[in-house]
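*Asks:* My questions will all concern the structure given below.
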Ligand code: COA
C-alpha cells in the first residue's frame, strides 16, 4: 500500500524552504499531498487561487506530488485521503512549541496518523513567508529564497500595493 503524507500549510506564498521539505519528504513517503488549509489566525497576501497556482507551477516537475485545498480539520482531510502521515518542517527552536501543540492536538483527534518532522535545511532556518514578503515589500533582493515565478508575483503584488483576503 502507498504511504501517503499530507504537507499542510498556508503557503502564502510557497518558498524554496517548503519545496526542500517536499523533495526530502518523498524519500520517506510514496506520495505527498501539499494541501492549503485554513489557518484562521492569518490574513493573506495572495488569494487561495493564487497560492494554488504558485504551488502547481513550482511543483509541476516533481513526480508523486499532488496539490489540493481543504476547508476543515486537517485530520479529517488526512483520513479522507488515506494518509498515514502529516509532514511538517521544523526551523529554529521557536517553531517547536507551536508545532508540538498542533501535533499533540492532531494526535488526540486521530491516533492512527503520525506527524513527521523534518529539520529544515540550514539555508532556510531563518526564512518564512512573512519575512520574505516584508523584504519584497521594501524592494529587497529575495532571489533564491522563492521560485522565480513567486519572486515575480511578489514584485507585481507590491507594485500594485494590494492585499487579498
Ligand atoms: N521553509 C521556510 N519557511 C517555512 C518552512 C520551510 N521549510 N516551513 C514553514 N515555514 C514558514 C511558513 O512560510 C510560514 O511562515 P509565515 O507564518 O510567515 O506565513 C510559517 O513557517 C508556518 O506556516 P505554515 O507551515 O504555512 O503553517 P501555518 O501555521 O500557516 O498552517 C495549518 C497551519 C494550516 C497546517 C493549520 O492551521 C491547520 O491544520 N489548519 C486546519 C484546521 C485544523 O485542523 N486545525 C487544528 C490543528 S490543531
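*Asks:* With everything on Cα atoms, drop me the angle between helix 96-109 and the longest principal axis of the chain, reported from 0 to 90° to the nearest 10.
*Replies:* 40
*Asks:* Between 0 and 90 degrees, rounded to the nearest ten: what's the tilt of helix 16-25 against the longest Cα principal axis of the chain?
*Replies:* So the helix axis and the longest Cα principal axis differ by about 20 degrees.
*Asks:* How do 146-156, 92-102 rank on mean C-beta neighbours within 10 Å, highest first?
*Replies:* In descending order of packing, they fall as 146-156, 92-102.
*Asks:* How much length is gained if the chain between residue 155 and residue 24 is pulled fully straight, taking 0.36 nm per residue apart and subtracting their Cα-Cα distance, in nm to one decimal?
*Replies:* That works out to 44.3 nm of additional length.
*Asks:* Which value at 222 nm does the chain reach when only helices count, each DSSP H run of 4 or more adding -39,500 (n - 2.57), with the total divided by all residues and rounded to the nearest 500 deg cm²/dmol?
*Replies:* My calculation for the chain gives -12000 deg cm²/dmol from helical runs alone.
*Asks:* What is the Å³ per residue value for the convex hull set by the Cα atoms of the chain?
*Replies:* Residue-normalised Cα hull volume stands at 110 Å³.
*Asks:* Now, a different point. Just need the relative contact order of segment 4-125 here, percent rounded to a whole number, with Cα pairs under 8 Å and 6+ apart.
*Replies:* Result for segment 4-125 is 32 percent.
*Asks:* Also: In degrees, nearest 10, range 0 to 90: what is the angle between the Cα axis of helix 48-59 and the longest Cα principal axis of the chain?
*Replies:* 80
*Asks:* Still on this structure: Multiply the residue gap between residue 128 and residue 96 by 0.36 nm, knock off their C-alpha separation, and tell me the result in nm, one decimal place.
*Replies:* 10.1 nm
*Asks:* By count of other Cβ within 10 Å, fewest leading, how are 53, 71, 30 ordered?
*Replies:* Ascending number of Cβ neighbours within 10 Å: 71, 30, 53.
Read-outs throughout are calculated quantities, based only on the coordinates presented, and are distinct from any laboratory measurement. None of these values were measured; they are calculated from a predicted model. Because the Cβ atoms are built from the backbone with ideal geometry, glycine has one as well, and the counts that use them run over all protein chains shown.
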